[in-house]
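Everything on this sheet refers to the single structure shown next.
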Amino acid sequence: MNKILLAVILILLIIVVIVLPKYFKIQNKVEKQQQELDIATRYIQQLNQKLKSIPQEKLKQTSDPDKIRDLLNGYLKEKRIEDKIPAIDKISQQKNEKRFIPDLIPVQRNFALSQKFSEKHKAVDFAAPTGTEVVASAAGEILSVYYDKYLGNVMIIDHLNEYATLYAHLATSIYEAKTFVEKGETIALVGNTGNSTAPHLHFEILVNGENIDPEKILNIK
Ligand SMILES: [Zn+2]
């Protein structure tokens with residue numbers, strides 16, 4: 001009798017200690033994969049929308065996301081050279097214009113200000129669902145796109161004046177470094193990468209390399 005009881009307890013212990021954590025791990029993985037799939041789907045939808053602006057003769061039939069991205073980037077580069085990138089001397093005239101001042105909230109909808117600027121947190125956090133579009137707070141050139149253990153996927157934009165902006169915990173970045181982006185242009189998608197517990201955008205504004213409180217420039221209600 002006692003042996004049977006012991007066996008039952010042992011089996012229960014095995015379930016609690018070994019089986020359950022494995023089960024939750026698998027559940028977590030499935031959830032994460034679903035999330036990644038959702039991000040990829042939105043990303044491709046977004047690319048497709050941009051691709052509509054590409055003349056049909058340039059658009060070879062393809063469903064390979066990498067090829068689509070190459071094609072899109074190639075086209076945008078070409079277009080920028082033609083009419084999007086202002087000449088450098090033009091930029092130096094324009095760089096103090098509103099277009100180059102990062103006063104646009106980088107998440108346009110479905111967001112909540114979840115953390116304010118402080119000595120320990122030199123940024124503002126915008127909580128928003130994974131895959132929400134992140135827009136450039138001002139026009140400028142992407143300085144770098146990289147992965148950081150804490151900040152996850154990061155993008156930094158140089159606004160070609162004293163300002164720079166940093167976007168972190170991104171699900172994915174749409175552009176690579178050296179790309180010129182317009183104010184309000186979609187540059188990335190909100191994610192939960194790096195040391196982050198829930199999807200949000202960590203947003204920093206730097207003036208001559210020093211962090212300032214973004215709320216001083218952004219008009220957040
Ligand atoms: Zn933050």
Open item on the list: At 1.4 Å probe size, with the rest of the protein present, what percent of the exposed accessible area of the range 102-216 is carbon and sulfur atoms?
Closed with: 49 percent
Task: GluC sites (Glu not before Pro) within the range 113-221: DSSP coil, no more than 11 neighbouring Cβ in 10 Å - done: E119
TODO: Mind checking the range 140-169 for chymotrypsin sites (Phe, Trp or Tyr not before Pro) that DSSP puts in a loop (not H, G, I, E or B) and that have at most 13 other Cβ atoms within 10 Å?
DONE: Y150
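The values are calculated or read from the model by the stated rules, or taken from the named source; none is laboratory data. Remember, predicted model here, so these are calculated numbers, not experimental data. Cβ coordinates were reconstructed from backbone atoms using ideal geometry, including for glycine residues, and neighbour counts include every protein chain displayed. Only protein heavy atoms, including side chains, enter the accessible area calculation; ligands, DNA and RNA are left aside. Shrake-Rupley method; radii C 1.70, N 1.55, O 1.52, S 1.80 Å.
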